[in-house]
Amino acid sequence: MTPDVSSLVESDRVAGTLYTDPDLFEREMDRIFHSTWVWVAHESEIAKPGDFRTAWVGRRPVIVSRDRRGGINVLLNRCRHRGASVCDVPKGNGNGFTCPYHAWSYALDGTLRGIPYPEGYEDVVEKKDLPLQRLKVASYAGMIFASFNDDIEPLEDFLGGARLWIDRFMKQGAGYPIKVQGEHRFRFNGNWKIQLENTTDWYHFPIVHRSWMSSVDAETASMLSIMTDETAVTHALGNGHSVSVSVAEHVDLDVDDGTEKLQDRFSHIVEELSKDLPPERVRRIVRSLHGAGFNLNLFPNVAMSMAFFRVLRPLSVAETEIRHVALGLEGGPEIVNRERLRIHEHFQGPFGFGSPDDAEAWNRVQRGVTGGTDMPILVNRGLGREKPNDLGQPTSHATDETGMREAYAMWKRMMTDGN
């Protein structure tokens, strides 16, 4: 029986079945992932003509490519002949894509270029009528999004209030363009929305990540003493997006009153950079080593979290794949990119302190909710102290659940006739 979807999300709670109902999951694929803008790649991953990478929009495989004219294409990874995937490597550079089944070949923009032994197709097939399916594609600040919905609103309208924070996030390049340095993937046994909630959930941080807090120097730990920091806030940005500030002095890395002491742990980098760069340039780069001072959640599938991207892919109602994408400075000092990778590995990496702890917590949520789907999930923390900021955006403390409430309000609109 189809549930009354509108009754599943209230202002302070959501139904436990949002994590467990396979029918709801199928509806989410159609109404959310196959209908709105979904992040697929960063432009640095397809920097040159011929570059491509594979990705997913919901459960549909796609190819993100840069053609010979420099255009960005997002193509359904499905041959128009018999449906086989035409690209099965994660990334590369080439002249196009050839189906391994009958060798139909396609250009980087999806145009059908060749059909072997074409005699049987005379007066049957026109190649111009059978390109790979193209998705609508748009890019903002290097972030590439795609949609199966040809009638979707412009990307900039969809991002809305999040654009300011995307711009701020990119300032961690300290004058260099941001680039992808590498990534790793893992899966957890839980619904995708459990991870969606986590990016702006600072309430869990000092509890789940005690092991990480005890492994870093006191200066780094103090930067994230969020529970007692009144400048740590979360803003609901509209359309399901939200941002949670953890280090207020690093919100806009171009702003520096000079009072912040550079961390001693980076003294070897200061020494190395100072051989070639003036002090103000060294300071600007070193202040950005931890990334931006906030986590930005872009509904439904990507987080721009301090110095990395976290990308979620729903696999089933109870299984989700996560990609952690490490970021660096294109053309920047090697010692800086190396240090950024070490910082990333320490928390987000496959052997880091953060990801395994998070994944264990997410697994436990799914197990627990499955045992009692009749009880709601509470997202009411901070409701009593949530107020609009100067832009009218609901705002509360970073440990509050303002970001979750924003995401579920968008979920409700898209899952009902309110979108």
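Return the lysines within reach of K193: Cα separation strictly under 21 angstrom, same-chain partners fewer than 8 residues apart disregarded; answer none if there are no such residues.
Output for K193: K412.
To make sure I understand the rule: partners must be aspartates and glutamates, Cα under 17 Å from the Cα of K275, and not fewer than 8 residues away in the same chain. Which ones qualify?
Once the sequence-local aspartates and glutamates are set aside, what remains near K275 is E334.
How much area per residue is accessible in segment 32-168 when the probe is 1.4 Å and only protein heavy atoms are counted (Å²)?
On the way: 6430 Å² over 137 residues.
Solvent-accessible surface per residue comes out at 47 Å².
If I compute solvent accessible area with a 1.4 Å probe over the protein chains, what percent of it on the chain is carbon and sulfur?
51
Can you list the lysines whose alpha carbon sits under 24 Å from that of K128, skipping same-chain ones fewer than 8 residues off?
Within the straight-line cut-off, K128 pairs with K136.
Considering every Cα-Cα pair within segment 280-419, what fraction, in whole percent, is farther apart than 20 Å?
The calculated P(r) of segment 280-419 puts 62 percent of pairs beyond 20 Å.
Name the residue farthest towards the positive end of the dipole of segment 251-372 from the options V317, G258, L327, assuming +1 on Cβ of Lys and Arg, -1 on Cβ of Asp and Glu, about the Cα centre.
So the residue furthest toward the plus end is V317.
What per residue convex hull volume, in Å³, comes out for segment 318-359 when only alpha-carbon positions are used?
Spread over its residues, the Cα hull of segment 318-359 gives 61 Å³ apiece.
Taking every Cα atom in segment 142-204, find the radius of gyration and the maximum pairwise distance Dmax, and write them in Å.
15.5, 40
Rounded to a whole number, what is D in µm²/s for the chain from Stokes-Einstein with the Kirkwood radius over alpha-carbon pairs (10 °C, 1.306 mPa s)?
Numbers: Rh = 22.8 Å.
Result for D is 70 µm²/s.
Identify which of G331, G354, G58 has the largest mean-square fluctuation in a Gaussian network model of the chain, with springs joining Cα atoms closer than 10 Å.
With Cα springs under 10 Å in the chain, the top fluctuation among G331, G354, G58 is at G331.
If you count only protein heavy atoms and use a 1.4 Å probe, how large is the accessible surface of H81, to the nearest 10 Å²?
The accessible area comes out at roughly 50 Å².
Kirkwood hydrodynamic radius, computed over distinct alpha-carbon pairs, for segment 108-239: how many Å, to one decimal? Mind dumping the intermediate values first?
Working: mean 1/r = 0.0490 Å⁻¹.
One over the average 1/r among Cα pairs gives 20.4 Å for segment 108-239.
Once Rh for segment 356-396 is found with the Kirkwood sum over Cα pairs, what is the Stokes-Einstein diffusion coefficient at 25 °C and 0.890 mPa s, in µm²/s?
191
Give me Rg over Rh for segment 1-107, both radii from the alpha carbons and Rh done the Kirkwood way, two decimal places.
Result for segment 1-107 is an Rg/Rh of 1.13.
Measuring with a 1.4 Å probe in the full set of protein chains, what accessible area per residue, in whole Å², belongs to segment 270-419?
Value returned for segment 270-419: 41 Å² of accessible area per residue.
The values are calculated or read from the model by the stated rules, or taken from the named source; none is laboratory data. Everything numeric here is computed off the predicted structure, so don't read it as measured data. Neighbour counts run over all protein chains shown; Cβ positions are idealised from the backbone, glycine included. When the accessible area is computed, the model is the full protein with side chains, heavy atoms only, and any ligands, DNA or RNA have been set aside. Shrake-Rupley method; radii C 1.70, N 1.55, O 1.52, S 1.80 Å.
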